[in-house]
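Read-outs: derived from the displayed coordinates by stated rules, not from any lab. Just so it is clear, the structure is predicted and the values come from calculations on it, not from any experiment. Positions of Cβ are generated from backbone atoms using ideal geometry, with glycine treated the same way; all protein chains shown enter the neighbour counts.
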Amino acid sequence: MQYALTTTVEAPFTQALEATREALAEQGFGVLTEIDLAATLKAKADADIEPHVILGACRPQLAEQAVAREASIGLLLPCNVVVRAEGDNRTVVETVDPEVLVSVTENEELTDVAQDARTRLDAALADLPARLG
């Protein structure tokens with residue numbers, strides 16, 4: 001099962017991370033959480049991985065609609081957006097597909113909320129090459 005929306009950009013990690021934040025904001029998403037996975041793994045497991053950050057993105061209007069239709073939906077929020085380096089000048093940006101997330105609830109009332117979130121996340125990812133070009 002495909003569960004991610006993904007794009008790869010020819011840009012250094014730090015530039016791609018900033019462009020991702022901007023593209024998400026343009027689509028109405030705020031970043032509620034930010035986990036520096038590379039730093040965490042280094043500190044906790046002495047493991048070295050390329051730069052890798054997980055952004056917890058949330059569009060409040062969509063979250064409110066989702067919670068009104070499914071009280072436990074908070075277990076699946078926010079939408080994780082991963083920005084990870086692949087070498088010095090290539091970065092992968094991917095997000096969980098909201099339609100796949102809400103499918104586990106089997107609540108059809110969430111379909112339009114998930115579709116709206118997916119449309120906005122798709123647009124944010126599609127905008128990255130232009131922001132970085």
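Only helical runs count toward this figure. For the chain, summing -39,500 (n - 2.57) over DSSP H runs of n ≥ 4 and dividing by all residues gives -14500 deg cm²/dmol at 222 nm. Sorting ASP36, ASP88, ASP116 by the number of Cβ atoms found within 10 Å of their own Cβ, with the fewest placed first, yields ASP88, ASP36, ASP116.
Helix 60-69 and the longest principal axis of the Cα set of the chain meet at an angle near 40°.
Below 8 Å between Cα atoms, with a sequence gap of 6+, how large is the relative contact order for the chain in percent?
About 36 percent, as a whole number.
When GLU108, GLU94 are sorted by how many other C-beta atoms sit within 10 angstrom of their C-beta, beginning with the fewest, the order is GLU108, GLU94.
Annotation: amide H-H contacts under 5 Å for ALA11 (H modelled 1.01 Å from N, sequence separation of 5 or more, or interchain): ARG90, THR91.
Cβ-to-Cβ counts within 10 Å put VAL83, VAL96 in ascending order as VAL96, VAL83, the fewest first.
So how tilted is helix 111-132 from the main axis of the chain? Cα-based, degrees 0 to 90, rounded to 10. Rounded to the nearest ten degrees, it is 20. Calculated from the structure, Cα extents along the principal axes in Å equals which of (i) 43, 36, 27; (ii) 54, 39, 23; (iii) 51, 32, 29? Derived directly from the coordinates: (i). Note the angle between two axes, namely the Cα long axis of helix 13-26 and the longest principal axis of the Cα atoms of the chain, as a number of degrees from 0 to 90, rounded to the nearest 10. Between helix and principal axis, roughly 20 degrees.
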